[in-house]
């Protein structure tokens, strides 16, 4: 039963990442690392997921770049080992916030061009740009509030 739950969890994480436009393998690697008690080598990840080491290595590098996994040194072993970052969910959310912030920057860029008459667009374009600007300003406000609230409840007490 535990193996079935582990398999389903890894599969579900793969599907969740795929829904965000990311590779299923990326989600499966995250799912596997979230499930693991100990740091896991690239060889073990490849073996557990039944995929070659090359794509696993590339995706683990991307996950490291986005602070979702950490490389761990195990004394006496030359292999690299990995574990889920302790702030994996917050870091993932912040990456998503960066995408939303880029959408706000695009909206403000074109709103300024329209306002300064550097570009004349259709009435629909004006309306869509205004809506985009207001929408992503609100998204960022709520995202920032969520992160601030999370950091308050997730900060270790001294």
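I need the Debye-formula profile for the chain: one equal scatterer per C-alpha, no solvent, reported as log10 I(q)/I(0) at q = 0.17, 0.19, 0.20 1/Å, two decimals.
Log10 of I(q)/I(0), two decimals: -1.01, -1.14, -1.21.
Relative to the longest principal Cα axis of the chain, at what angle does helix 24-35 sit, 0 to 90 degrees, rounded to 10?
Long axis of 24-35 versus the principal axis of the chain: about 60 degrees.
Per q in 0.13, 0.18, 0.23 1/Å, what log10 I(q)/I(0) does a Debye calculation on the alpha-carbon atoms of the stretch 2-84 return?
-0.36, -0.70, -1.14
Compute the convex hull volume of the Cα atoms of the stretch 52-104, divide it by the residue count, and report the result per residue in Å³ as a whole number.
Cα convex hull per residue, to the nearest whole number: 80 Å³.
Indicate the gyration tensor shape class of the stretch 88-154 (rounded, prolate or oblate), computed on the Cα atoms with a ≥ b ≥ c the square roots of the eigenvalues: a/c under 1.5 is rounded; otherwise a/b larger than b/c is prolate and the rest oblate.
In terms of gyration-tensor shape, prolate.
I'd like the orientation of helix 88-115 relative to the chain: the angle between its Cα long axis and the longest Cα principal axis, in ° from 0 to 90, rounded to 10.
Once rounded, one gets 20 degrees.
At a Förster distance of 41 Å, what's the computed FRET efficiency of residue 114 paired with residue 154, Cβ-Cβ distance as r, to 0.05?
E between residue 114 and residue 154, to the nearest 0.05, is 0.50.
What angle do you read, to the nearest 10 degrees and between 0 and 90, between the alpha-carbon axis of helix 53-65 and the longest principal axis of the chain?
50
A short reminder: the numbers here are calculations on the coordinates, not readings from a lab. All of these numbers come straight from a predicted model, not from anything done at the bench. Cβ coordinates were reconstructed from backbone atoms using ideal geometry, including for glycine residues, and neighbour counts include every protein chain displayed.
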